[in-house]
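A.B. asks: I have a structure I would like to understand better, so I am pasting it below and will then ask my questions one at a time.
We did not get these values from a lab; they are worked out from the coordinates using the rules stated. Computed from a prediction, not measured in an experiment: that's the story for all the values here. Glycine also receives a Cβ, built like all others from the backbone with ideal geometry; neighbour counts cover every protein chain displayed.
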Amino acid sequence: MTVTSLVTAVAVGAALGVAGWAVRRAVPFWLPPAAGVGAAVFATTIARIAADLPTGFSLTELGLQVFFAAAAVTAVVATADRHSPAHKGGLR
């Protein structure tokens, strides 16, 4: 894994995470970017293990980073909530 790969993964994950947070602000600000960065770094690892990619920038790796980060941010934003059910009058 190269420095370029890691920097790209952090940038992609953070950008998609902030965009996901902006769509639905019912989640803590740090959660979607953290999920996006984690998923993008995971995608980089998978891409490097699965394929003989050149050192430096790769469109395959970038595509996997975007896909994994978008999936993770979507899952977090769709399922996370800032408040527990007890605060909404639910079961205690």
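A.B. asks: Please compute the modelled spin-label separation between PHE67 and THR45, points set 7 Å along Cα→Cβ, answer in nm with one decimal.
C.D. replies: Going from the THR45 label point to the PHE67 one covers 1.8 nm.
A.B. asks: If you place +1 on the Cβ of every Lys and Arg and -1 on the Cβ of every Asp and Glu, how big does the dipole about the Cα centre of the chain come out, in debye to the nearest 20?
C.D. replies: Here the chain has a charge dipole of around 520 debye.
A.B. asks: Next up: I need the peptides 69-76, 2-9 ranked by packing, meaning the mean over residues of other C-beta atoms within 10 angstrom, with the highest value on top.
C.D. replies: On the way: 69-76: 21.0, 2-9: 16.6.
Packing order, densest peptide first, comes out as 69-76, 2-9.
A.B. asks: Calculated from DSSP H runs of 4 or more alone, at -39500 (n - 2.57) each and per residue, what is the 222 nm mean residue ellipticity of the chain, nearest 500?
C.D. replies: Dividing the helical sum by the residues of the chain leaves -23500 deg cm²/dmol.
A.B. asks: To continue, here is another question. Dividing the convex hull volume of the Cα atoms of the chain by its residue count, what figure in Å³ per residue is obtained?
C.D. replies: 91
A.B. asks: So how do THR44, THR55 line up by other beta-carbon neighbours within 10 Å, fewest first?
C.D. replies: So the ranking, lowest neighbour count to highest, is THR55, THR44.
A.B. asks: Could you tell me which of ALA11, GLY56, TRP21 has its Cα farthest along the dipole of the chain towards the positive end, charges placed at Cβ (Lys, Arg +1; Asp, Glu -1), taken about the Cα centre?
C.D. replies: In the chain, that residue is TRP21.
A.B. asks: Could you calculate the contour length gain from LEU6 to ASP81, that is, 0.36 nm times the residue separation minus the distance between their Cα atoms, to one decimal place in nm?
C.D. replies: Between LEU6 and ASP81, full extension yields 24.1 nm more.
A.B. asks: Loop only by DSSP, 13 or fewer other Cβ within 10 Å of the Cβ. Give me the trypsin sites (Lys or Arg not before Pro) in segment 18-51 that pass, ordered by residue number.
C.D. replies: Those satisfying the criteria are ARG24, ARG25.
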